[in-house]
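The values are calculated or read from the model by the stated rules, or taken from the named source; none is laboratory data. Nothing here was measured: the structure is a model prediction, and the numbers come from that model. Cβ placement follows ideal geometry from the backbone for every residue including glycine, while neighbour counts extend to all protein chains displayed.
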Amino acid sequence: MAETITALTEQLFSQLQKEKLVLLATIDAETGAPNVSAISWVYAVSPTQVRFAIDQRSRLVANMKKHPQVTLTFFGEGTVNALYGQASVVTDALEGVPFKLTCFDVALEAVRDAMFYGSRVSVEPEYEKTYDKRAAEKLDGQVFDAMKKA
């Protein structure tokens with residue numbers, strides 16, 4: 001049986017120091033069904049702790065408060081990386097951000113390569129903000145600064 005890795009490698013840690021497309025999987029608070037959402041305000045606090053912010057009104061907040069088990073999935077290093085852990089609230093409202101964001105930390109329990117055997121991701125997915133680019137950059141800066149201070 002392979003050894004369970006419980007921390008980000010240096011390369012994965014580095015990738016999570018800037019905005020990144022990440023899929024957040026939670027357990028729905030009402031139905032118990034899986035729930036997956038894309039988020040981008042994510043950064044690694046340390047190799048064993050990942051922080052993210054989401055709108056306070058999001059259903060994800062209730063999901064994680066009831067069922068703290070989460071999976072964060074992202075593309076990097078030519079593969080699909082799955083981070084498993086327990087989410088906990090850092091703050092219900094980040095300071096210095098123009099709207100209410102709840103900030104969570106995930107204590108990593110396992111870091112796994114989730115790509116199917118014999119394959120490699122040759123091009124990572126890209127996304128773009130569809131609203132005012134300057135406003136998006138300003139907001140992103142405010143959120144990341146606030147997350148780092150939380």
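General remarks:
- Among the residues examined, residue 127 does not qualify as aromatic (Phe, Trp, Tyr) and more than 18 Å from the chain's Cα centre (by Cα).
- Only a single item in (1) outside any loop (DSSP other than H, G, I, E, B); (2) over 16 Å from the mean Cα position of the chain (by Cα); (3) surrounded by 10 or more Cβ atoms within 10 Å (Cβ to Cβ); (4) not aromatic (Phe, Trp, Tyr) is not met by residue 134, and it is number (3).
- Contacts under 7 angstrom Cβ, first residue in segment 60-89 being assigned to a strand (DSSP E or B), partner of a type in the set (Phe, Trp, Tyr) and modelled with pLDDT of 95 or more, 6 or more apart: 71/84; 81/74; 87/104; 88/104; 89/104
- The combined condition, being surrounded by 14 or more Cβ atoms within 10 Å (Cβ to Cβ) and not basic (Lys, Arg), is fulfilled by residue 102.
- For the condition hydroxyl-bearing (Ser, Thr, Tyr), touching a Phe, Trp or Tyr at 6+ places or on another chain (Cβ under 9 Å) and surrounded by 15 or more Cβ atoms within 10 Å (Cβ to Cβ), residue 48 does not qualify.
- Candidates 32, 85, 78 - the one that is surrounded by 15 or more Cβ atoms within 10 Å (Cβ to Cβ) and either more than 21 Å from residue 129 (Cβ to Cβ) or among the β-branched types (Val, Ile, Thr) (or both): 85
- Exactly one residue out of 8, 72 is in contact with a Pro (Cβ under 9 Å, 6 or more places away or on another chain) and within 12 Å of residue 108 (Cα to Cα): that is 8.
- Looking only at segment 6-37, and only at residues there that are free of Cβ contacts under 8 Å to residues at least 24 places away in the same chain and hydrophobic (A, V, I, L, M, F, W, C), the one that is farthest from residue 52 (Cα to Cα): 33
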